[in-house]
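The values are calculated or read from the model by the stated rules, or taken from the named source; none is laboratory data. These numbers were taken from a predicted model, which means no experiment stands behind them. Neighbour counts are summed over all protein chains in view; Cβ atoms, including those assigned to glycine, are modelled from backbone coordinates with ideal geometry. Remember, those area values only see protein heavy atoms, side chains included, never the ligands or the DNA or RNA. Shrake-Rupley method; radii C 1.70, N 1.55, O 1.52, S 1.80 Å.
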Amino acid sequence: MSAGLIDGAALAREVYAALGDRLRALAGQGVTPGLVVVQIGEDPASNVYVRNKMRACEAAGLRSAVRQLPADCDEAEVLALVAGLNAEPATHGILVQLPLPAGLDAERITQAIDPAKDVDGFNWMNLGALVAGRARFEPCTPRGVMALLGRAGVPVEGSRAVILGRSNIVGKPLALMLVNRSATVTVCHTRTRDLERHTREADILVAAAGRAGLVTAAMVKRGATVIDVGINRDASGKLVGDVDFASVREVAGRITPVPGGVGPMTVAMLIENTVLAAERTAGVSGS
Ligand code: NAP
């Protein structure tokens, strides 16, 4: 039997619809949430991601802008731009589009963003708050995964969750979020021995490795929920995830597609975080 599809695009539309009342409350105070994306250089994939974020802001009724710097700019210029945005009252959310051109220190630049405007949730203050179970802004992709699980009705408490990938922006924060929701979590990476032994135990299997075809049907427990975070191009240039969708679909209970799974929810969480930032600044209580 084929797994049920978790439609990230449809769930993202529900997120946007649920923001309507919050945006109206802010408008009553004369506030429109504003997001600024700092883009350095002309990475083609980044151009697509930035365009998607701008479109989502526009569709949701947020203000948005891209501040571009050339690939050969120096770090002082970037830090000065971020400092200016930190001080700009109408800018509620700031993100620096990654990856950065060689020679720029992504860590130093993202840490320069005011934690109250850090809608990507990469600032150590926000990551630390997540560790303590008192998150202020959660990174958008893992937050999107949690929202997908919630909206698809997947039980998390008491479940066995296995994550493939331990990056600071996906795997590690997702592990914390799942632990905070009382799942029992295993985080796998390139040094993990006998990957399949771990993945076959998972009630919830999240693939965030950036390796096309990494997860095969033999690695999945029958009925498991499989969330595919990966974004890769196959030999023909087609967008694919980390999961061999056609075969895993026959074993899993629920599965996300690529595209149309985690991606749209990541953008929706960015919009939600920006609304949250504006609510905190305006003293309007959100959810
Ligand atoms: P990353 O920083 O490159 O981290 C990849 C992680 O996967 C690393 O921890 C790596 O282990 C692990 N890994 C790689 N190959 C593996 C293998 N064969 N077996 C087990 N673990 C393996 O990547 P990322 O930024 O977290 O992103 C991961 C993927 O998600 C990428 O495809 C990215 O494009 C995608 N992504 C999607 C969204 C979205 O909105 N859908 C958002 C962000 C990222 P080591 O630590 O040992 O190297």
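Would region 75-88 turn up any residue that is of a type in the set (Gly, Ala, Ser) and closer than 11 Å to residue 36 by Cβ? Even if it seems obvious, please write down each step before you answer.
Within region 75-88, the subset of a type in the set (Gly, Ala, Ser) is 76, 80, 83-84, 87.
Next, from what is left, pick out any that are closer than 11 Å to residue 36 by Cβ: 84.
Yes, some residue in region 75-88 is of a type in the set (Gly, Ala, Ser) and closer than 11 Å to residue 36 by Cβ.
Given the residues 87, 65, 152, which is the only one that is more than 29 Å from residue 17 (Cβ to Cβ) and among the aliphatic types (A, V, I, L, M)?
Checking each option against the conditions leaves just 87.
Scan region 26-48 and report the pairs whose first residue is in contact (Cβ under 8 Å) with a residue 12 or more places away in the chain and whose second residue is hydroxyl-bearing (Ser, Thr, Tyr) and open to solvent by less than 10 Å² (accessible area, probe 1.4 Å), with Cβ atoms within less than 6 Å and a gap of 6+ or a chain change.
Close Cβ pairs (under 6 Å, with a partner that is hydroxyl-bearing (Ser, Thr, Tyr) and open to solvent by less than 10 Å² (accessible area, probe 1.4 Å)) amount to 33/274; 34/91; 35/274; 36/91.
Among the residues of region 94-110, write down those that are open to solvent by 40 Å² or more (accessible area, probe 1.4 Å) and assigned to a helix (DSSP H, G or I).
Of region 94-110, the ones open to solvent by 40 Å² or more (accessible area, probe 1.4 Å) are 98-99, 102-103, 105, 107-108.
Answer for region 94-110, where residues must be open to solvent by 40 Å² or more (accessible area, probe 1.4 Å) and assigned to a helix (DSSP H, G or I): 107, 108.
Which of the following residues is within 23 Å of residue 279 (Cα to Cα) and either out of contact with any Cys (no Cβ under 8 Å at 6 or more places or on another chain) or of a type in the set (S, T, N, Q) (or both): 15, 48? Give the derivation first.
On the way: 48 fails: within 23 Å of residue 279 (Cα to Cα).
Checking each option against the conditions leaves just 15.
Considering only residues that are in a loop (DSSP other than H, G, I, E, B) and near the ligand (Cβ under 10 Å from one of its atoms), which ones fall in region 215-266?
229, 230, 231, 241, 242, 256, 258, 259, 261
I'm trying to understand the selection: among the residues of region 192-211, which are among the acidic types (Asp, Glu) and either more than 11 Å from the ligand (Cβ to nearest atom) or open to solvent by less than 40 Å² (accessible area, probe 1.4 Å) (or both)?
Answer for region 192-211, where residues must be among the acidic types (Asp, Glu) and either more than 11 Å from the ligand (Cβ to nearest atom) or open to solvent by less than 40 Å² (accessible area, probe 1.4 Å) (or both): 194, 201, 203.
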